[in-house]
Amino acid sequence: MTTVTQEAGAPFGAAPPPADGAGESAIVTEGLTKRFRGGQVAVNALDLAVPRGSVFGFLGPNGSGKTTTIRMLLGLVTPTAGTHSVLGLPATQALPRVGALVEGPAFYPYLSGTANLLRFDAADPTAPRTTARRRVAEALERVGLSAAAGKRYRNYSLGMRQRLAIAAALLGPRELLILDEPTNGLDPQGTREVRALVKEIAADGTTVFVSSHLLAEVEQMCTHAAIMRTGTLVAQGTIASLSGGLATRVRIETPDTADAARVLGTFGLADVRSEAGQVTAELGGHAPERINAALVEEGVAVRGLAVLRPSLEDVFVGLTGEGFDVDG
Amino acid sequence: MSTVDTSTSPGAGSGVRAGEARRTPGLVPVAETLETTERHARPETPTPPVPSARERWAFWRLLGSELGLTFRRPRNLAMLAVIACVPVIIGVTLRIVGGQGGMGGIIADVAGNSLMLTFFALSFLVLLMMPVAVTVVAGDSVAGEAGAGTLRYLLAAPAGRTRLLLVKYLNAAIYAYAVTAVVALSALLTGLVLFPAGPVTLLSGTTITMAEGLLRILIAVGYVGAGMAALAAIGLALSTFTEVSIGAIAGTIVLVIVCQVLRAIPELDSITPYLLPTWFTNFDAVLRAPVDFGALREGLVAFGAYIALFGSIAWARFSGKDITS
Ligand SMILES: Nc1ncnc2c1ncn2[C@@H]1O[C@H](COP(=O)(O)OP(=O)(O)OP(=O)(O)O)[C@@H](O)[C@H]1O
Ligand SMILES: [Mg+2]
């Protein structure tokens with residue numbers, strides 16, 4: 001229950017949150033509700049708290065209200081009830097410091113990548129005109145689009161479009177990035193690059209709020225997560241706390257299972273299980289490399305050693321029900 | 001550091017440990033103590049979050065960007081080009097007809113002086129062609145962005161709804177003036193090439209100098225441009241109601257045509273003053289001697305009323321609209 005922000009930043013060596021509004025959450029919503037005309041409740045009494053400096057995964061099956069929540073945060077959709085603040089500021093005042101990708105890319109097909117970004121930069125009243133070209137070039141560089149900067153958007157591939165949308169979110173100095181399914185349509189390299197980019201951005205101290213239904217992705221790049229189901233928040237917390245019921249395990253592949261089990265026992269590891277050719281146990285707080293050293297010292301033939309982190313998928317499926325069927 | 005986090009977000013962070021019950025919001029007992037220790041640990045008081053400062057010329061930069069889009073877009077340029085051709089065609093036709101002799105009335109007027117073609121071209125094009133061009137830009141302004149999805153990114157930038165709407169309107173109004181100016185310039189050049197220059201004989205028979213004739217063309221352009229800008233307000237208002245720009249465009253054009261039809265029905269004379277197109281042709285007041293400023297003023301008041309009414313409708317709709325495109 002202590003320092004959430006510190007914990008959040010730790011994996012990427014994040015800088016402490018900026019001086020202004022330090023200690024605030026990047027996003028706070030209280031009872032946020034959206035009922036669309038026609039009675040569809042897309043988001044129901046959402047209490048979200050995104051710590052500064054975190055990489056926050058916003059999970060949920062299709063139609064669970066992720067995009068609608070993001071639209072409300074960006075002031076595109078008026079909530080039916082509830083309040084929200086972004087970077088400690090009410091409503092839309094923080095938006096110049098927020099980069100956003102909402103429900104896929106959208107650009108002017110007859111303009112080049114550069115011209116498109118200049119257009120959106122011009123729309124931001126706080127963006128200095130004098131640095132616009134430099135910032136646009138940097139943003140394009142960052143997403144690996146420099147070579148296609150002069151190409152018309154019409155001729156961009158799906159992945160290039162997605163990258164351009166991410167570049168648009170990186171046009172200024174951002175304290176918060178809101179990315180709605182940023183890896184949609186990207187090839188495996190692109191997906192990895194986006195993940196690396198998110199980590200890099202987070203390392204600068206920027207809070208990243210990323211919606212996704214790809215659990216592995218969230219698990220790999222997020223420090224925190226919230227899980228939605230048909231408009232309702234079913235869980236939020238650090239990744240560790242969400243999958244807290246399931247301990248991290250270590251798996252040793254070896255023909256000498258008995259010896260290996262004995263060595264693990266000397267470390268005091270709980271729940272040691274021997275199977276054909278491998279031994280697994282709860283890792284607890286132990287360093288896997290020390291276990292490996294001890295095994296080798298004892299003459300155990302180690303063919304492989306793996307740390308098995310608990311999967312978010314089990315938690316997710318447990319909380320959101322059967323598979324990924326669309327509810328309501 | 002995380003005092004606010006913990007008090008607002010008991011579910012977040014390490015709070016949800018295995019076996020530990022999830023807490024309900026607002027029931028975090030340690031928050032107070034943490035807050036106190038944090039204050040001691042951090043001597044510098046956190047400054048309250050402030051909105052980012054605005055750049056000085058930001059509004060004009062956005063307007064410039066908007067104008068750049070409008071005046072570089074092939075469709076809009078093509079409309080200007082087509083409109084520029086019409087006075088040329090009219091001029092050449094009148095020249096040929098005039099050359100055969102036996103001409104009368106307006107044809108004689110136009111063929112008699114290089115400036116008269118401008119007034120003739122304006123009175124012809126203002127009925128439908130100019131309104132169509134203006135409507136295409138105005139009707140597309142918001143609906144087009146909504147349909148393409150760029151509206152959500154503009155607003156998230158954040159362009160600001162009122163600011164964006166104002167930029168969109170100014171852009172459409174400037175295009176309206178561009179359309180009018182193109183007609184006048186094209187007609188003027190054609191007239192100068194095809195017909196004799198010199199003093200202008202007005203409808204009333206009075207003759208004015210060519211310089212004064214040019215001044216009166218300028219007044220006519222100002223007046224007709226204002227009328228087209230009033231039409232742009234209608235297009236913009238309809239544009240805020242849909243994500244399909246063709247709907248807003250067609251709606252506005254149908255409105256113009258219906259008005260023209262109603263005007264032609266003598267029994268409906270009582271309502272014609274309320275119809276916008278009625279006032280478009282009032283620019284012929286500049287052909288009286290002296291200029292009938294009363295008629296121009298009346299028209300401008302009507303245009304102002306239309307701009308105020310439909311501007312308000314557009315704003316009321318757009319400022320509260322859910323952007324779900
Ligand atoms: N404009 C609208 N009018 C009515 N209902 C809507 C509207 N937009 C969204 N909804 C409904 O709100 C619910 C949540 O939609 P939302 O787009 O937020 O889901 P999502 O979590 O982003 O899904 P996905 O993973 O597919 O992107 C859905 O049931 C959807 O049908
Ligand atoms: Mg979505």
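Quick notes on this structure:
- Test result for residue A:203, buried (at least 22 other Cβ atoms within 10 Å of the Cβ), small (Gly, Ala, Ser) and away from ligand 2 (no atom under 16 Å from the Cβ): no
- Matching residues, the range A:80-97, being open to solvent by less than 40 Å² (accessible area, probe 1.4 Å) and either in a loop (DSSP other than H, G, I, E, B) or within 14 Å of ligand 2 (Cβ to nearest atom) (or both): A:87, A:88, A:94
- Residues that are among the aromatic types (Phe, Trp, Tyr) and farther than 30 Å from residue B:109 by Cβ do occur in the range B:163-180.
- Any hit, the range A:228-242, residues being touching a helix residue (DSSP H, G or I) at 6+ places or on another chain (Cβ under 9 Å), within 16 Å of ligand 2 (Cβ to nearest atom) and modelled with pLDDT under 85: no
- Exclusive hit being at pLDDT 70 or above, away from ligand 2 (no atom under 16 Å from the Cβ) and out of contact with any helix residue (DSSP H, G or I) (no Cβ under 6 Å at 6 or more places or on another chain), set A:310, A:288: A:288
- All positions within the range A:168-198 that are open to solvent by 50 Å² or more (accessible area, probe 1.4 Å) and within 14 Å of residue A:102 (Cα to Cα): A:184
- Every residue from the range A:209-253 that is within 16 Å of ligand 1 (Cβ to nearest atom), surrounded by 20 or more Cβ atoms within 10 Å (Cβ to Cβ) and within 14 Å of chain B (Cβ to nearest Cβ): A:209, A:225, A:226, A:227, A:228, A:233, A:235, A:236
- Among (1) more than 8 Å from chain B (Cβ to nearest Cβ); (2) away from ligand 2 (no atom under 16 Å from the Cβ); (3) open to solvent by less than 20 Å² (accessible area, probe 1.4 Å), the one test that residue A:64 misses: (2)
- So residue A:185, is it closer than 28 Å to residue B:140 by Cβ, more than 13 Å from chain B (Cβ to nearest Cβ) and within 16 Å of ligand 1 (Cβ to nearest atom): yes
- You will find that of B:179, B:200, B:254, the residue that is crowded, with 21+ Cβ neighbours inside 10 Å and under 29 Å from residue B:151 (Cβ atoms) is B:179 and no other.
- Residue match in the range B:222-237 (condition: surrounded by fewer than 22 Cβ atoms within 10 Å (Cβ to Cβ) and modelled with pLDDT of 90 or more): yes
- Single condition residue B:301 does not satisfy, out of (1) open to solvent by 50 Å² or more (accessible area, probe 1.4 Å); (2) touching a residue at least 12 places away in the same chain (Cβ under 8 Å): (2)
The values are calculated or read from the model by the stated rules, or taken from the named source; none is laboratory data. None of these values were measured; they are calculated from a predicted model. Note that we place each Cβ from the backbone using ideal geometry, even for glycine, and neighbour counts take in every protein chain shown. Surface accessibility is based on the protein's heavy atoms, side chains included, excluding ligands, DNA and RNA. Shrake-Rupley method; radii C 1.70, N 1.55, O 1.52, S 1.80 Å.
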